Amino acid sequence: MGNLVDLLHWRDVKQSGLVFGSVLLLLFSLTQFSVVSVIAYLALAVLSATISYRVYKSVLQAVQKTDEGHPFKAYLEVEIALSADQISKYVEKTQLYINSTMKELRRLFLVQDLVDSIKFAVLMWLLTYVGALFNGLTLLILAVVSMFTVPLVYEKYQTQIDQYLGLVRTQVNSIMGKIREKVPGAKKKE
């Protein structure tokens with residue numbers, strides 16, 4: 001988790017730039033080509049680089065008459081299999097997430113709390129407009145750009161942002177309180 005935070009906060013500019021640029025390049029490629037084409041082109045690019053490097057090292061070893069062995073030997077010997085414990089841990093986490101999501105959706109769709117269900121309905125209504133303006137890939141590109149820029153901007157202007165968010169939160173809580181008072185059956189159960 002710490003590595004991800006460091007990556008998004010640009011602690012190591014080269015690494016963050018490489019990841020950000022690679023992900024954006026992949027997403028922009030997906031806007032122009034099919035997923036199958038993008039995967040095939042990426043695989044061809046990696047294979048071209050590794051085959052060229054292997055041939056270069058072989059020629060270099062032949063010319064210098066050295067025996068350094070396979071240039072990727074260290075990577076070939078690394079164990080990359082997932083253990084049964086790791087797989088079961090990830091499956092359990094996924095199961096917990098799915099179950100909690102299903103419970104929350106049941107609560108919202110069956111109107112356990114009227115105000116929360118209305119908020120959900122308004123969110124879905126707003127998402128219909130977002131869906132009309134953007135496709136999923138565009139939203140994903142915007143999310144990636146936001147992930148790499150928002151933490152940096154927030155870190156730089158934290159006091160000003162917190163001040164304005166506090167004002168907005170106060171206004172929203174005030175409006176929600178008024179709605180709860182006026183709508184029958186919408187009062188929060190304490």
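Structural remarks
- Scalar couplings 3J(HN,Hα) for the range 171-176, obtained by applying the Karplus form with A = 6.51, B = -1.76, C = 1.60 to θ = phi - 60°, are 4, 5, 4, 5, 5, 5 Hz; x denotes Gly and Pro.
- Sites residue 134 and residue 82 - FRET efficiency at Förster radius 30 Å, r taken between beta-carbons, to 0.05: 0.30
- Solvent exposure of the chain amounts to 82 Å² per residue of accessible area, where only protein heavy atoms count and the probe is 1.4 Å.
- Reported value for the range 1-107: 206 Å³ per residue, from the convex hull of its C-alpha atoms.
- For the range 1-49 versus the range 125-140, the inter-centroid distance based on Cα atoms is 23 Å.
- For the listed peptides 113-126, 56-69, a ranking on the average number of other beta carbons within 10 Å per residue, highest first, reads 113-126, 56-69.
- With 10 Å bins beginning at zero, the pair-distance distribution over Cα atoms of the chain amounts to 7, 14, 25, 27, 14, 7, 4, 2, 0 %.
- The number of Lys pairs in the chain with C-alpha atoms less than 15 Å apart, excluding pairs fewer than 8 positions apart on the same chain, is 7.
- Applying 1/(1 + (r/R0)^6) with R0 = 30 Å to the Cβ-Cβ distance of residue 160 and residue 117 gives a FRET efficiency near 0.30.
- Helix 84-109 vs. the chain, principal-axis angle (Cα, 0 to 90°, nearest 10): 30 degrees
- Filtered GluC sites (Glu not before Pro), the range 73-104: DSSP coil and at most 13 other beta carbons within 10 Å: 77, 79
- Residue-span extension gain [residue 95 to residue 32] - 0.36 nm each, minus C-alpha spacing: 19.2 nm
- Inter-probe distance in nm under a simple model that places probes 7 Å from Cα toward Cβ, at residue 56 and residue 172: 5.2 nm
The values are calculated or read from the model by the stated rules, or taken from the named source; none is laboratory data. All of these numbers come straight from a predicted model, not from anything done at the bench. As a convention, Cβ positions derive from the backbone with ideal geometry for all residues, glycine included, and neighbour counts pool all protein chains shown. Please note that ligands, DNA and RNA were not included when accessible areas were found on the heavy atoms of the full protein model with its side chains. Shrake-Rupley method; radii C 1.70, N 1.55, O 1.52, S 1.80 Å.
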